[in-house]
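Heads up: the structure comes next, in C-alpha cells.
The values are calculated or read from the model by the stated rules, or taken from the named source; none is laboratory data. Small disclaimer: the values here were computed from a predicted structure and weren't measured. A quick note on method: Cβ atoms are made from the backbone with ideal geometry, for glycine too, and the neighbour counts reach across all protein chains shown. SASA here: full protein model, heavy atoms, side chains in, ligands and nucleic acids out. Shrake-Rupley method; radii C 1.70, N 1.55, O 1.52, S 1.80 Å.
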Amino acid sequence: MKRLLTTMAMTSLALMASAQNFDNLPDPIEDVNKVVDNTPDSIAKALMSRPKPGSSRKGANPVLFLIGNSTMRNGTRGDGSNGQWGWGYYENKYFDENQITVENQALGGMSTRTFYTDLWPAVRDALKPGDWVVVSIGHNDNGEFFDQKRARAVIPGVDPDTMYVSFNQRTQRQDTVYSYGTYLRRYIHDIRQKGANPILMSLTPRDAYDAKGKTIRKPQTEWAAYVAAIEGVPFVDLNERSGQKLDSYSPWKKHYHFYGDKIHTSKFGAEMNARSAAEGLWESQNPQLKPLQAMMRNVVGEKWMVNGERKKPTVFFTGDSTVKNADNSDDGMWGWASQAATVFDESKIVLVNAGRAGRSTRTFIKEGLWEKVYNSLQPGDFVTIEFGHNDICPIDDKKARGVIASGRDTMHVYKLENGIYELVYSFGWYLKKMIDDVREKGATPILVSLTPRNEWPGGKVERRDGSYGKWYREVVEETGVEFVDLHHISADFLDKKFAVKSLPKDKEKARAKIEQLKAKAGKYFKKDHTHASKLGAQMNAQSFAKGLRENKSELAKYLK
C-alpha cells in the first residue's frame with residue numbers, strides 16, 4: 001500500500017536529534033535539526049580514506065564489514081583530527097586477523113537510506129560467501145525527504161508497505177523513500193543473496209538522560225530487534241549494552257565518553273562501544289554466530305591474577321619506574337612498591353605491584369595498563385596512584401607520553417609524529433579519571449606524590465611544589481581523595497640527613513658542595529637522579545607507611 005504523505009506530516013514523525021558537529025570542512029551544511037555534516041558533499045575525498053570494499057581480505061579468509069555512520073566512523077578521514085572517534089576503528093582488536101579482517105565501511109552523515117543508495121552497491125559487490133556484515137545505522141534518518149542538501153530521511157517504523165514518492169532535489173531524479181525496517185530488510189536480503197551473514201545492531205547511545213538520570217534509549221532499537229526476529233537474523237542491542245555502562249558511571253565520566261556534542265564519542269566512548277559490540281557478539285546464544293565467535297579474541301578484559309583468597313583486600317600500586325623497576329638485583333634500580341612487604345602485613349592484605357617503567361598517566365591509561373587494574377578491582381580494595389616523572393615530556397614525540405601541564409580539566413587535539421591525532425588531557429584530568437574509576441568499583445583511591453630526586457638546589461633536596469605539588473593539591477581539593485605526600489616525607493628525611501643551612505657564596509665552591517651532597521645521598525639512588533637503589537626504595541616505602549599513619553588511613557590498618 002502506497003502512502004503519499006506531506007512533508008509537514010513526515011516532519012512531525014521525524015526522529016528527534018540534538019545539535020551535532022561533524023567534519024570541519026568548508027561550507028558546512030546544516031539540516032532541519034541544526035545538524036552540521038558535509039561529508040556527503042566530499043564523497044570523493046571520503047572514498048579515498050575509506051578502504052576499497054573487500055581490499056582487506058587475506059586469501060580466502062572472510063571479511064567482517066561494518067555498515068554505519070559517524071558514530072562508527074567519524075569524520076571524512078576517520079582519524080580523530082576533530083577529537084572524535086567512531087567505534088568501528090577499534091573493533092578489529094576483538095578478531096583474529098589471521099582468520100578474518102574487519103573493514104570499517106561506515107561514513108559520517110549517512111542514513112540507512114543514503115548508505116543503501118550511495119555506498120552499499122560497492123560493498124555488496126565485494127561480498128563473498130562466508131563474509132559477515134554488521135548493520136548499525138540510523139542516527140541520521142530524520143529531517144527532510146528530498147531537500148537539496150541531504151535528502152536522507154526515512155519513514156519511522158518497520159511497516160514494509162510504507163513508501164513516499166517524490167522528486168529528489170539532491171540527486172535530481174524521482175525517488176522513493178521507505179521505512180527504517182524496509183531498508184534493514186533490503187540489507188539483509190542483499191547480504192544473504194551473496195551467501196554472507198547479516199547481523200543487526202542497535203545504535204550507540206547519546207549523551208542524553210531522562211528525568212531519573214538514565215541514558216535515553218533509541219526507538220530504532222525496537223525496530224531493529226523486530227526486523228531481526230522476523231527475518232531470523234542475529235541481533236545485538238548495542239544501545240542497551242553501552243547504555244547500561246554509561247548508567248553505572250559518574251556524571252563526569254559519562255560526559256567524557258563524548259566529545260564536541262552529545263552524540264559523537266571521544267576515544268574513550270568509541271572504545272567502550274567497540275567492546276560492547278564485541279561482548280554482544282561473543283555472549284550471544286544465537287547458533288548462527290558460532291563460526292564468527294570462533295574467530296574472536298580479547299573479548300574478556302584482562303585482569304591481574306591475585307594470589308591468595310579474595311576474602312582479603314588487595315592494594316594495587318600504580319605508577320612508573322619509581323614504583324616498579326627491575327627490582328631484581330641488590331645493585332640495581334628498585335621501585336618502592338617492590339618493598340611494600342617490608343611495611344605491610346601480608347597475612348592481612350594482598351600486594352600487587354601494577355606499576356610500569358617509563359609510563360605517564362597518559363600512557364598508563366592508553367596502553368591498557370590501567371584497564372587491567374580497573375577490571376581487577378573489588379569493593380574494599382585499595383589503589384595507590386603515583387605518577388609525574390614522565391608526564392611533563394613532549395606531547396607529540398615518538399613516546400607520546402607527555403600531558404598538559406595543569407591540575408585542572410583541560411584538553412587539546414594533537415597530531416603525533418606517527419600522523420595519528422590524539423585528544424590529550426591534563427595531568428590533573430588523568431589523575432581524576434583514575435580516582436573516579438576506583439571509586440566506581442567500590443575501592444579506595446590514594447593519591448601519592450612523586451618520589452624526590454637527587455637534586456640539591458640551595459643545599460636542600462629539590463621540592464617540586466610549583467608544578468606537581470600544586471597540581472596534586474588541586475586534584476585533592478576537587479575530589480577529596482586521600483593524599484600521601486611521599487615527596488615531602490622522603491625529602492624531609494633526606495634533608496635531615498644531608499642538607500646544609502646555606503651554600504658558599506663562591507659559585508665554584510657552591511657547585512662542589514652540591515656535588516658532595518649528591519654523592520652522600522647517592523646511596524638512596526641508583527645510576528641517575530631519579531631512580532632509587534634498594535635502600536632508597538625501602539626508604540620511600542617507609543615514607544608511604546608514615547603518610548598512611550598520619551592520615552589515619554583505612555589502609556594503615558594493614559601495616560606491620
Subset of 267/324; 348/534; 534/560; 324/415; 253/324; 262/399 violating a 22 Å alpha-carbon distance limit = 267/324; 348/534; 324/415; 253/324; 262/399
With a Förster distance of 45 angstrom and the Cβ-Cβ distance between residue 477 and residue 306, calculated FRET efficiency to the nearest 0.05 equals 0.85
Determine the alpha carbon to alpha carbon distance for each of 212/470; 509/546; 441/552 and list only those over 29 Å.
-> 212/470; 509/546
Cα-projected label distance for residue 509 with residue 326, points at 7 Å along beta-carbon direction, nm | 4.0 nm
Roughly how compact is the range 284-361, stated as its Cα Rg over 2.2 N^0.38 Å to two decimals?
-> 1.61
List the lysines whose alpha-carbon lies under 22 Å from that of residue 52, not counting same-chain residues fewer than 8 positions away?
-> 93, 128, 194
Cα-based Rg / Dmax (Å) for the chain | 28.1, 99
Inter-part gap, Cα centre of the range 189-249 to Cα centre of the range 91-142, in whole angstrom, is 15 Å
Computed over the range 299-417, protein heavy atoms only, probe 1.4 angstrom, the accessible area per residue in square angstrom equals 43 Å²
Of 207-216, 361-370, ordering from highest average Cβ density within 10 Å down gives 361-370, 207-216
List the residues whose amide H sits under 5 Å from the amide H of residue 404, counting only those 5 or more places along or on another chain, with H placed 1.01 Å from N in the peptide plane.
-> 425, 426, 427
May I ask you to give the percent of accessible area on the range 355-503 that is carbon plus sulfur, with a probe radius of 1.4 Å?
-> 49 percent
R0 = 41 Å: FRET efficiency of residue 286 with residue 415, Cβ-based, nearest 0.05?
-> 0.45
Accessible area in square angstrom per residue, the range 81-181, 1.4 angstrom probe = 33 Å²
Based on the Cα coordinates of the range 216-280, what is the per residue volume of their convex hull in Å³?
-> 83 Å³
At 1.567 mPa s and 4 °C, Stokes diffusion of the range 287-417 via Kirkwood alpha-carbon radius, µm² per second | 76 µm²/s
³J(HN,Hα), Karplus 6.51/-1.76/1.60, whole Hz, each residue of the range 89-103, x for Gly, Pro = 5, 9, 5, 5, 5, 9, 9, 6, 5, 7, 10, 7, 10, 10, 10
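Using just the alpha carbons, could you tell me how many Å³ per residue the convex hull of the range 404-502 encloses? It would help to have the intermediate numbers written out before the result.
Working: hull volume 13.0 nm³, N = 99.
Considering the Cα atoms of the range 404-502, their hull volume per residue is 131 Å³.
Using only DSSP helix segments of four residues or longer, with each worth -39500 (n - 2.57), what per-residue ellipticity at 222 nm results for the chain after dividing by its residue count and rounding to 500?
Numbers: 16 runs with 169 residues, N = 560.
The helix contribution divided over the chain gives -9000 deg cm²/dmol.
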Mind putting a number on the dipole of the range 61-121 about its Cα centre? Charges go on the C-beta only, +1 for Lys and Arg and -1 for Asp and Glu, and I need it in Debye to the nearest 20.
-> 220 debye
Holding the Cα-Cα limit at 29 Å, pick out from 496/526; 433/523; 58/372 the pairs that are longer than that.
-> 433/523; 58/372
Send over the Kirkwood Rh of the range 143-192, from the inverse of the averaged 1/r over different Cα pairs, rounded to one decimal Å.
-> 11.4 Å
Degrees separating the helix 507-521 axis from the principal Cα axis of the chain, which is the longest one | 80 degrees
Full-stretch length increase - residue 250, residue 231 - with 0.36 nm per residue and alpha-carbon distance subtracted = 3.0 nm
Label zone at residue 169 (point 7 Å along Cα-to-Cβ), backbone N below 19 Å, the range 124-146 | 141-146
